[in-house]
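Just below is one structure, and these are the notes that go with it.
Just so it is clear, none of the values below were taken in a lab; they were calculated from the coordinates. Bear in mind that the values here come from a model prediction, so they are computed numbers and not experimental data. Cβ placement follows ideal geometry from the backbone for every residue including glycine, while neighbour counts extend to all protein chains displayed.
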Amino acid sequence: MSENFSYRSYVADEKFLSEYNSYQRRYAQTMRESDKVLVAMVKEIARQTDGEPLDLLDIGCSTGNLLLHIRSMVPGLNLTGGDLALSSIEECRRNPGLAGIKFEVMDLLALPAACFDVVIVNAVLYMLDDEQYRSALASLGKCVRPGGTCLIYDFAHPFVHQQLTIYETSVLHPDGLRLCFRPMVKVEEAAHRAGFAAVEFHPFDIPIDLPPAPYDGEVVTYTVDRKDGKRAMFRGALYQPWCHIIARRSKSE
Ligand SMILES: C[S@@+](CC[C@H](N)C(=O)[O-])C[C@H]1O[C@@H](n2cnc3c(N)ncnc32)[C@H](O)[C@@H]1O
């Protein structure tokens, strides 16, 4: 039953992980547009710290692509990749292209305390139910040092009273995947409760066309032109309100 989806089965689904990781490999060469935004945010944080070496964690790092790009575009950071999927961490450790980056099996819901200046959570939180979501944010709030920043890429929309949970079955997820679409106000409330002082939302305006997906194939993101010149991102029949979220802890706590 799809409603029984658990991130624990997701990270143990070796067939899915191997297909997802090979899909991801294309982005080791060509950076994903949403990742360019994250790298620019990291660059800005590094610029503001006057060359102090920052400790950065990408939790749910999968194949380590984002860290690869951060290493080349924002040099001088101490980089760690964490994922609950052991096979992904082992693959990262074996990849000579990721030399110099530390990789550890880590659970987003139980991160070590006060260890990082920047923590990135890229396309992971949407699969958590409300209770897990609160635990994940509490874990992030503790893991980010005072004065530090959490950068999130996730679904967040402006409709204050609309909380959506969709169970999607597809070729890659025959047993179902949970997709939660949370209102920005709820995300902000949860982030404040977790100890973040300030939260910013940057709805992602993808600057390129992604080709239409075949109706009978895997569900991947494609774009549809909007009348205002922007592009709406869909997966199959579903609109995706992707958003970059910056949550900052205050320095004095
Ligand atoms: C959709 S993928 C996103 C991967 C990568 N961040 C990206 O944007 O391409 C979700 C990733 O989160 C990992 N993951 C899921 N639940 C996790 C948890 N509780 N702790 C750490 N990683 C988790 C999965 O193993 C997978 O690598």
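At a glance:
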quantity: Of Y133, L177, P53, farthest towards positive along the dipole that unit charges on Lys, Arg, Asp, Glu beta carbons give the chain; calculated: P53
quantity: Cα-centre dipole for the range 151-233 with unit charges at Cβ (Lys and Arg positive, Asp and Glu negative), debye to 20; calculated: 260
quantity: Farthest toward positive dipole pole in the range 1-117 [+1 Lys/Arg, -1 Asp/Glu at C-beta], among F5, P96, A110; calculated: P96
quantity: Highest-first arrangement of 213-223, 133-143, where packing means the average Cβ count within 10 Å; calculated: 133-143, 213-223
quantity: Net charge of Cβ neighbours under 13 Å - reference M73; Lys, Arg +1; Asp, Glu -1; calculated: +2
quantity: Listed pairs K36/K230; K142/K186; K43/K251; K43/K230; K36/K142; K36/K227 exceeding 22 Å between Cα atoms; calculated: K43/K230; K36/K142; K36/K227
quantity: Extension gain from S252 to V185, taking 0.36 nm per residue of separation minus the Cα-Cα distance; calculated: 21.7 nm
quantity: Charge-dipole axis of the range 21-71 as Lys and Arg at +1 and Asp and Glu at -1 on Cβ define it, positive-most pick from S22, L66, S34; calculated: S22
quantity: Cα-projected label distance for R8 with Y215, points at 7 Å along beta-carbon direction, nm; calculated: 4.0
quantity: Only Lys, Arg (+1) and Asp, Glu (-1) charged, at Cβ; the chain dipole about Cα centre in debye; calculated: 500
quantity: Gain in span if fully extended, E200 to R47, counting 0.36 nm per residue against the direct Cα distance; calculated: 53.2 nm
quantity: HN-Hα J in Hz across the range 57-64 - Karplus 6.51, -1.76, 1.60, θ = phi - 60°, x for Gly and Pro; calculated: 10, 9, 9, x, 6, 6, 7, x
quantity: Per-residue ³J(HN,Hα) for the range 166-180, Karplus 6.51 cos²θ - 1.76 cosθ + 1.60, θ = phi - 60°, Hz, x for Gly and Pro; calculated: 10, 9, 10, 9, 7, 4, 6, 10, x, 8, x, 10, 8, 10, 9
quantity: Ordering of 192-201, 60-69 by burial proxy (mean other Cβ atoms within 10 Å per residue, highest first); calculated: 60-69, 192-201
